[in-house]
Amino acid sequence: DVKVTQSSRYLVKRTGEKVFLECVQDMDHENMFWYRQDPGLGLRLIYFSYDVKMKEKGDIPEGYSVSREKKERFSLILESASTNQTSMYLCASSPTGQANEQYFGPGTRLTVT
Amino acid sequence: SQQGEEDPQALSIQEGENATMNCSYKTSINNLQWYRQNSGRGLVHLILIRSNEREKHSGRLRVTLDTSKKSSSLLITASRAADTASYFCATGQYNFNKFYFGSGTKLNVKP
C-alpha cells in the first residue's frame, strides 16, 4: 500500500514564525504536490515537484516555498506565517504520467495566531 | 479558473437511495478523477475515467463523462451511512502532471 505521511496532524504557530511542513512517500513516486484546502474553495495547488530539486508553482504560491532534496520527501515552508495561511494542508504523490491517481496524506491543520 | 465545479454543494439522502453528483469543467482534459474525503482526513481516489471513455463502473460507483458538455457525473447506488463524505472531481490536463480540483459535494447519508 502506498503511504504518504505528513509530519503533524495539528500545528499552532504564531504570526511571523517560519513553519516547515514535511511530507514523505514510500512508493518512489516522481511527482509530489502541496495543496491547501479551505471551506468553499476546494483544493488549491500551492507547488508541485516532478523530480528531485525540481519544482513548479501552482495556483497560489505566494508566501510559500518548497524543498525537495530527496525523492521521497517534499517540504512546504511558510517563510513568515500569517493568519490568512490558517488552513488544512494536504500533501499528495503520484507516479509520473498524465493519468495516474494521486495518493494523499492525512493532512495538517495549521492555525496561525 | 480551470477547476471543476461540483453540483450540488450538499446532498442529503436516506440509506439505500442513490446519490448523484455532477462535475463541470472548462478546458480540454486528459482524464477526470473522483475522490472521497472523510471529515478532516486526506482524499482517497475512487475512480478515473479517460477522455475517450464515456462510462466506467467500480462496485457501487458509476461515472459518466460527456466531453462535448464538459461534464461528468458520479452515481453511488444503494448508499450506506459509511458513504457520508465529501466528493471531489479532479481534472487532469494534457501535458501536465497536475490536477485541478473542484470545491466538492458534501454527501450525508442518513441511516
Q) Where in the stretch A:55-87 does the amide nitrogen come within less than 17 Å of the point 7 Å from the Cα of A:LYS18, taken along Cα to Cβ? A) A:63-69, A:75-82
(Q) How large is the translational diffusion coefficient of the protein assembly as shown in µm² per second when you combine the Kirkwood radius over alpha carbon pairs with Stokes-Einstein at 4 °C and 1.567 mPa s? (A) 73
Q. If only Cα atoms are counted, what is the Rg of chain B, and what is its Dmax, in Å?
A. 13.3, 44
Q) For chain B, what relative contact order do you get, as a whole percent, if you take Cα pairs closer than 8 Å and at least 6 residues apart? A) 39
Q) Among the lysines, which have Cα under 18 Å from the Cα of B:LYS98 when same-chain residues fewer than 8 positions away are ignored? A) A:LYS53, A:LYS55, A:LYS57, A:LYS71, B:LYS26
Q. Peptide A:39-49: average number of partner chain Cβ atoms within 10 Å per residue?
A. 5
Q | Between the stretch A:1-62 and the stretch B:67-82, the Cα center-to-center distance that results, in Å | A | 28
Q) Got a number for the accessible area of A:GLU69? Probe 1.4 Å, square angstrom, nearest 10. A) 110
Q: For every other residue with a beta carbon closer than 13 angstrom to the beta carbon of A:ALA99, add +1 if it is Lys or Arg and -1 if Asp or Glu, then tell me the sum.
A: +1
Q) How far is it, in nm, from the label point at A:SER7 to the one at A:ASP51 when both lie 7 Å from their Cα along the line to the Cβ? A) 2.6
Q | Sites A:MET27 and B:SER28, calculated FRET efficiency, Cβ-Cβ separation with R0 35 Å, nearest 0.05 | A | 0.75
Q: Round to the nearest 10 and report in Å² the accessible area of B:ARG36, as given by a 1.4 Å probe over the protein chains' heavy atoms.
A: 70
Q) Over the stretch A:4-112, what per residue volume does the convex hull of the Cα atoms give, in whole Å³? A) 92
**Q.** Measure of compaction for the stretch B:54-111 (Cα Rg per 2.2 N^0.38 Å)
**A.** 1.30
Q: Estimate the FRET efficiency between B:ALA81 and B:THR20 by the formula 1/(1 + (r/R0)^6), using the beta-carbon distance for r and 22 Å for R0, to the nearest 0.05.
A: 0.75
Q) At 20 °C and 1.002 mPa s, what whole-number value in µm²/s does Stokes-Einstein give for the translational diffusion of the stretch B:1-66, with Rh from the Kirkwood sum over Cα pairs? A) 159
Q.
Once you keep just the Cα pairs under 8 angstrom separated by 6 or more residues, what percentage relative contact order results for the stretch A:4-112?
A. 37
Q: Report the accessible area of B:HIS57, computed with a 1.4 Å probe over the heavy atoms of all protein chains in place, in Å² rounded to the nearest 10.
A: 120
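The values are calculated or read from the model by the stated rules, or taken from the named source; none is laboratory data. Remember, it's a predicted structure, so these values are computed and weren't measured experimentally. Backbone-built Cβ (ideal geometry, glycine too); neighbour counts: all protein chains shown. Side chains are part of the model used for accessible areas, which takes the heavy atoms of the whole protein and leaves out ligands, DNA and RNA. Shrake-Rupley method; radii C 1.70, N 1.55, O 1.52, S 1.80 Å.
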